[in-house]
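The numbers here are math on the coordinates, done by the rules we state, and not lab data. This structure is a prediction, so every number in the text was calculated from the model and none was measured. Virtual Cβ from ideal backbone geometry, glycine too; neighbours counted across all protein chains shown.
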Amino acid sequence: MGWTVGRGPDRTHLRSGDPRPAAAVPLPLLKLPLLAGLLLALLLLLELRHRLRPASPLRLKAGDWRLQRQDGAVQVRGIVTISNPHRRMEVFVPELSARPTLLGRGSLAGVRIATTVVPLHPDEEARPDGYWFAYIVKAGKATAARIELTISAEPGTDLQALLDTLWVELLWVNYGPFGRLWRRDGVLVPLRRPGAANPATARWREGERCRVLPIRTHLLGVLDDPAEVLRHYAGPVLQPGDVLTIGETPLAVMQGRYRHPATVEPSLLARQLCRGFHPTSSLATACGLQSLIDVVGPARVLLAWSVGLALKMVGLRGWFYRLAGEQARLIDDITGTTPPYDQTIVLGPDQPEAFCAAMAACLGVEVAVVDVNDLGRVKVLAASAGCDQELLQRALRPNPAGNANERTPLVLVRPA
């Protein structure tokens, strides 16, 4: 049967023994590929603008910090390193200063702090007058500075009993092809440390078919090695069959995953979308949401927000957090953590699964990273292979670590 051309008064169509014309494709269906293409182009444009935005490659890292007590004063010395991993860009550091803040166990009205910043450039000597001169950090190179602080008080003041923690903010300027950017990094220096858990005096709590031991530590920060913290504070009381948990925020701050809002540059997207979150959400501020965008990208956030809003209108909640990724639930905006981190935005921990596996092999017990609140919600972010998560749900539901200033980031769970 051959194909013939049929002619009508106002159209021409192909037919194969069928007098009816071929069905036309509806116009709305023709527009769907065009709309999908435009949406994809918009998301791609957002992602490219985000990834290609001007930024400084310089990274500041805290090195060795030491504490010394003598003649009624406390001396703190620490090293910070500024590195430039870029292969071609050279960046100026025209300013660097240290701003210390003390946290104590009483009034600090009579306490004084003297601060000195000493450049440790590899190819130029520091000025004897203490002036920080503009320095160029060349591609692939690094420089450093020594921070010296002397804490003193009126005669008769027991500084050892009064002082708790030193928070040192490093304010420094990056100057280069990206413009002039202020950076603000914080280093926490503990001035007092509690003893490790003692099997003879440990205060266990009875749980549902288990026992629970909150373990007190000092206020944790980037100077702490997570493995050493777990080994030192919990090691003396560990037994085979135990499960040692650590809160996700304490682990994150030890990994340096916090930033001051002054260093966050909210995009128009962040300023608009943050209005759609509940006022108590950590994503309800432009800087909080921008911190998520900086981690997962604007395209994923916009897509998750749009789909989440559409599903919420038909009664399906929580889809934004499912689509935006784990970090969307873990970000703590300012006031969300204990001082001095209450002034910063804290992200969720990096690679918690690998951390748990390594710690379990090191300590000989199961290890988990958890997020627990006073409402009875227990979320196990990551756990070593043999961890009994049902046990963790029963043991941690009363939130034995607390959400205030208990400083018990470690909780040991022992099956009954």
From Cα pairs below 8 angstrom and at least 6 apart in sequence, can you work out the relative contact order of segment 87-188, rounded to a whole percent? 40
Any idea how far apart TYR321 and ALA55 come out in nm if each label point goes 7 Å out from Cα toward Cβ? 2.6
Along principal axes, Cα extents of segment 168-323, largest first, whole Å: 57, 49, 24
Principal-axis tilt of helix 298-312 within the chain, Cα atoms, nearest 10 degrees: 70
For the ARG180, GLN351 Cβ pair and Förster radius 30 Å, calculated FRET efficiency rounded to 0.05 is 0.35
Extension gain (nm, one decimal) between LYS138 and LYS379, 0.36 nm per residue minus Cα-Cα: 82.3 nm
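Rounded to the nearest 0.05, what FRET efficiency is calculated for ARG69 and GLU406 with R0 set to 25 Å and r the Cβ-Cβ distance?
It comes out at approximately 0.40.
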Go ahead and run the numbers for FRET between GLU169 and MET313, Cβ-Cβ distance against an R0 of 56 Å, rounding to 0.05. 0.80
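So for each of 37-44, 137-144 I average, over its residues, the number of other beta carbons within 10 Å; can you give me the resulting order with the highest mean first?
With the highest mean Cβ count within 10 Å placed first, the list reads 137-144, 37-44.
Working out 0.36 nm times the residue gap between ASP342 and ALA200, then minus their Cα-Cα distance, what length gain in nm do you get to one decimal?
Length gained between ASP342 and ALA200: 47.6 nm.
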Which label marks the calculated value of Cα Rg over 2.2 N^0.38 Å, given the options (i) 1.14; (ii) 1.31; (iii) 1.41? (ii)
Computed, not fitted: 222 nm per-residue ellipticity of the chain from DSSP H runs ≥ 4 (each -39500 (n - 2.57)), nearest 500, equal to -7500 deg cm²/dmol
Using +1 on the beta carbon of Lys and Arg, -1 on that of Asp and Glu, and nothing else charged, what's the dipole of segment 219-361 about the Cα centre, debye to 20? 740
Filtering GluC sites (Glu not before Pro) in segment 186-286 by DSSP loop and by at most 12 other Cβ atoms within 10 Å leaves GLU208
Pairwise label distance in nanometres, LEU38 with ARG87, each label 7 Å out on the Cα-Cβ vector: 3.9
